[in-house]
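There's a structure below that I have some questions on.
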Amino acid sequence: MLRIVVLGAAAGGGVPQWNCGCEVCRTARSAPSGLARTQASIAFSNDGHHWYLVNASPDLRQQLIATPQLHPKAGQLRHTPIAGVILTNAEIDAVVGLLSMREGSPFTIYGHPKVLAILKANSIFDVLNEKNVKRQDIEIDTAFEPPLPNGSPSGIEVLPFTVPGKGAWYLEGKAHPGGSSGTGDTLGLRIRDKTSGKYFFVVAACAEVTDDLKARLAGAALVFFDGTVWRDDELIASGLASKTGQAMGHIAMSGKGGAIEQLAGLDIDRKIFLHINNSNPALLSASAERSQLERAGWQIPADGTEIVL
Ligand SMILES: [Zn+2]
């Protein structure tokens, strides 16, 4: 059995974002709107005792406080149920939470060599002493089984695969510590419980849905998918920023070639958007965009949403 908790569903900046006065952010500040979201991360477990995170957002501390499953075990002075963190990219909203996981508890960081090279090049991450916090390379299209803290098999199989995307924006125009060639900056994951055979996908950043990606996702019980923007020029049209979704490595939800259209007809039981930017009008529950999305069989999760497969 797989238990999955959506720790946060928002894109970088969260909802509301600290310096944003857009409609969504203003509404989110007027509690109790139910609109507020922390930055994207999920936790999963197949035994209810040991948990793995997909990405560690800057809101991780708050997310852990809000999630009883991830609290230290009763009666233990120092403990965490978190056995590992699997990084799908090196953006700020995927890695900064690692810094909140200092204080000496052992766990393992799993990432593509290009992503781990970025951490290695930033000495602030040395606060995670490699004696306690191992860093483990993962390879594209090579499944791995993250072990439990005692070294025994977890019974979970993680298959990383490449998806079209971009490297971390703060490296734009700079030398990539992991080298400029090859893929690995943006990964999707298939996460499978070896006992039950149940699996789900996490594709939190994706610039384009290729035929290969469609073939992978077809027939899945559950897919978390990049929901950054509703339309490609949304940040420009609303006067918030000068970049399109594509320029940031994110496919739009709507329109020709958008995620809703591209993932239609793939026989996916449950489709959930993740990494939703505060500019996205679909966050507003009474919006036409939200109705359109729900009619197409998609959901926008609240933080803390728990799913069992
Ligand atoms: Zn905003």
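Sort through Ile260, Ile307, Ile272, Ile268 and tell me the only one that's in a loop (DSSP other than H, G, I, E, B) and under 22 Å from the mean Cα position of the chain (by Cα).
From the options Ile260, Ile307, Ile272, Ile268, the qualifying one is Ile268.
Okay, next question. If I go through the range 6-31 residue by residue, how many of them are surrounded by 22 or more Cβ atoms within 10 Å (Cβ to Cβ) and within 13 Å of the ligand (Cβ to nearest atom)?
8
Filter the range 127-171 down to the residues that are within 21 Å of the chain's Cα centre (by Cα) and among the acidic types (Asp, Glu), then identify the one that is nearest to Glu103 (Cα to Cα).
Asp137
Hey, another quick one. Which members of the range 156-190 meet the condition of being touching a residue at least 60 places away in the same chain (Cβ under 8 Å), surrounded by fewer than 16 Cβ atoms within 10 Å (Cβ to Cβ) and either assigned to a strand (DSSP E or B) or among the small types (Gly, Ala, Ser) (or both)?
Of everything in the range 156-190, those that are touching a residue at least 60 places away in the same chain (Cβ under 8 Å), surrounded by fewer than 16 Cβ atoms within 10 Å (Cβ to Cβ) and either assigned to a strand (DSSP E or B) or among the small types (Gly, Ala, Ser) (or both) turn out to be Gly179, Gly182.
Conditions: (1) assigned to a loop (DSSP other than H, G, I, E, B); (2) over 25 Å from Ser279 (Cα atoms). Phe200 meets all but one. Number of the miss?
(1)
Criterion first (buried (at least 16 other Cβ atoms within 10 Å of the Cβ) and more than 16 Å from the ligand (Cβ to nearest atom)) does Ser105 satisfy it?
No: the conditions fail for Ser105.
Before we move on, is Gly34 among the small types (Gly, Ala, Ser) and either surrounded by fewer than 20 Cβ atoms within 10 Å (Cβ to Cβ) or on the phi > 0 side of the Ramachandran plot (or both)?
Numbers: among the small types (Gly, Ala, Ser): yes; either surrounded by fewer than 20 Cβ atoms within 10 Å (Cβ to Cβ) or on the phi > 0 side of the Ramachandran plot (or both): yes.
In short, yes.
Within the range 49-65, is there a residue that is open to solvent by 10 Å² or more (accessible area, probe 1.4 Å), more than 16 Å from the ligand (Cβ to nearest atom) and in contact with a Pro (Cβ under 9 Å, 6 or more places away or on another chain)?
Yes, because at least one residue in the range 49-65 is open to solvent by 10 Å² or more (accessible area, probe 1.4 Å), more than 16 Å from the ligand (Cβ to nearest atom) and in contact with a Pro (Cβ under 9 Å, 6 or more places away or on another chain).
Moving on. Within the range 231-250, how many residues turn out to be out of contact with any Ser or Thr (no Cβ under 8 Å at 6 or more places or on another chain) and either closer than 18 Å to Ala90 by Cα or open to solvent by less than 10 Å² (accessible area, probe 1.4 Å) (or both)?
So the answer is 2.
Residue pairs, Cβ under 6 Å, 6 or more apart or interchain, first in the range 3-25 and over 19 Å from Ala282 (Cβ atoms) and in contact (Cβ under 8 Å) with a residue 60 or more places away in the chain, second in a strand (DSSP E or B) and open to solvent by 10 Å² or more (accessible area, probe 1.4 Å). List them.
Arg3/Val308; Val5/Glu306
Exactly one of (1) within 25 Å of Arg190 (Cβ to Cβ); (2) among the polar types (S, T, N, Q); (3) open to solvent by 20 Å² or more (accessible area, probe 1.4 Å) is unmet by Ser100. Its number?
Evaluating Ser100 over (1) within 25 Å of Arg190 (Cβ to Cβ); (2) among the polar types (S, T, N, Q); (3) open to solvent by 20 Å² or more (accessible area, probe 1.4 Å) leaves (1) as the failure.
Out of Thr228, Thr210, I need the residue that is open to solvent by less than 10 Å² (accessible area, probe 1.4 Å) and among the hydroxyl-bearing types (Ser, Thr, Tyr). Which one?
Just a single option satisfies the conditions, and that option is Thr228.
Separate question: Being open to solvent by 50 Å² or more (accessible area, probe 1.4 Å) and in contact (Cβ under 8 Å) with a residue 40 or more places away in the chain is the filter here, so list the residues in the range 259-288 that pass it. Step through it out loud before you land on a result.
Residues of the range 259-288 that are open to solvent by 50 Å² or more (accessible area, probe 1.4 Å), as a first pass: 261, 264-265, 267, 269-270, 285-286, 288.
Of everything in the range 259-288, those that are open to solvent by 50 Å² or more (accessible area, probe 1.4 Å) and in contact (Cβ under 8 Å) with a residue 40 or more places away in the chain turn out to be Asp267, Asp269, Arg270, Ser285.
Moving on. Taking Val133 and the conditions (1) open to solvent by 40 Å² or more (accessible area, probe 1.4 Å); (2) in contact with a helix residue (DSSP H, G or I) (Cβ under 8 Å, 6 or more places away or on another chain), which numbered condition does it fall short on, given that it satisfies the others?
(1)
The values are calculated or read from the model by the stated rules, or taken from the named source; none is laboratory data. For clarity, every value in this text was computed on a predicted model and none was experimentally measured. Cβ: placed from backbone, ideal geometry, glycine included. Neighbour counts: every protein chain shown. Areas reflect the complete protein model, heavy atoms only, side chains present, ligands, DNA and RNA absent. Shrake-Rupley method; radii C 1.70, N 1.55, O 1.52, S 1.80 Å.
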